[in-house]
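One structure is given here, and the rest of the page talks about it.
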Amino acid sequence: MATIESGRGGLGTVRNAVTLLELLAQGPAYHQLTDLAERSSMSIPTVHRLLRSLVLADLAVQDPATSRYGLGPELARLSHHYLTRLPLIGAASPYLAQVRDKVGATVHVEVLVHGEVVYVDRVDGGVVGPYRESNRVHRAIDTAGGRLLAARASEEQQWQQVLRLAVPEEREAAEAARAEWAAAEWLAHEPDDIALPAEVAVPVLDASGAAVGAIAADLPDPGDETHTAQVAAYLGRAAKAAGRTLGHG
């Protein structure tokens, strides 16, 4: 991950701070200072100075028992403020429960951020079991919605971010399928990770035709192509309605 360590203050400091936040978001909940310095290619004094500033702003925390660093609670507050202002959520939310009732499965709203899919809204359906995954962030390539959004991304950088998170075999397959994903009205995918549900997704297009997000539904039986197509049809109607709302926003 590239950093800009030369000079004090300005854009370089902000980029280095963001680099540290991204590293804190990876792997375990808490990280050693020396490990963060090595992974960021920044000096230990620079990392220590930035982390102190992040801790003071509650963007990071330091475990008093181990002196390791993790993400801070201020990020949760800011993210909720961001979501309350996200037009996609307001446009799609009136239709999620209706789609859930039709398909009998959990329905999600997804956005693409730095090569990953962030599930920004959901309505649970069917039997969800004793545990509920309230927050989900996954590699875009592992989800149907992520593949649709990545292939339709207006900036090449977004596609490259998706590929950087993939292993070589996945990158090769994604490059070969990109045009098909970009042209698809809906896409279904069953990830190799059995902890992730299969899903079918459709893009939500704004007035300019850009894909600003996706609406997806879990698929308990991804092998049932007829059922998958029916679910996709319900999702498609909701996505078009949401897109019209965005167009009038």
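Whether a residue is closer than 28 Å to residue 20 by Cα, modelled with pLDDT under 95 and surrounded by 12 or more Cβ atoms within 10 Å (Cβ to Cβ) was assessed, and residue 120 passes this test. Within region 231-249, restricting attention to residues that are more than 23 Å from the chain's Cα centre (by Cα) and modelled with pLDDT under 95, the residue that is surrounded by the fewest Cβ atoms within 10 Å (Cβ to Cβ) is 248. For region 11-28, the criterion of being in contact with a Leu (Cβ under 7 Å, 6 or more places away or on another chain), surrounded by fewer than 14 Cβ atoms within 10 Å (Cβ to Cβ) and more than 27 Å from residue 139 (Cα to Cα) is met by no residue. You will find that of 55, 103, 113, the residue that is under 24 Å from residue 159 (Cα atoms) and among the aliphatic types (A, V, I, L, M) is 113 and no other. Restricting region 2-37 to residues that are more than 19 Å from residue 63 (Cα to Cα), more than 26 Å from the chain's Cα centre (by Cα) and not basic (Lys, Arg), the residue that is modelled with the highest pLDDT is 10. Scanning region 33-69 for residues that are touching a Phe, Trp or Tyr at 6+ places or on another chain (Cβ under 8 Å) and open to solvent by 80 Å² or more (accessible area, probe 1.4 Å) gives 62, 68.
The values are calculated or read from the model by the stated rules, or taken from the named source; none is laboratory data. Worth saying up front: this structure is predicted, and the values here are computed from it rather than measured. Here Cβ is always computed from backbone atoms with ideal geometry, including for glycine, and neighbour counts include all displayed protein chains. With ligands, DNA and RNA removed, areas are computed over all heavy atoms of the protein, side chains included. Shrake-Rupley method; radii C 1.70, N 1.55, O 1.52, S 1.80 Å.
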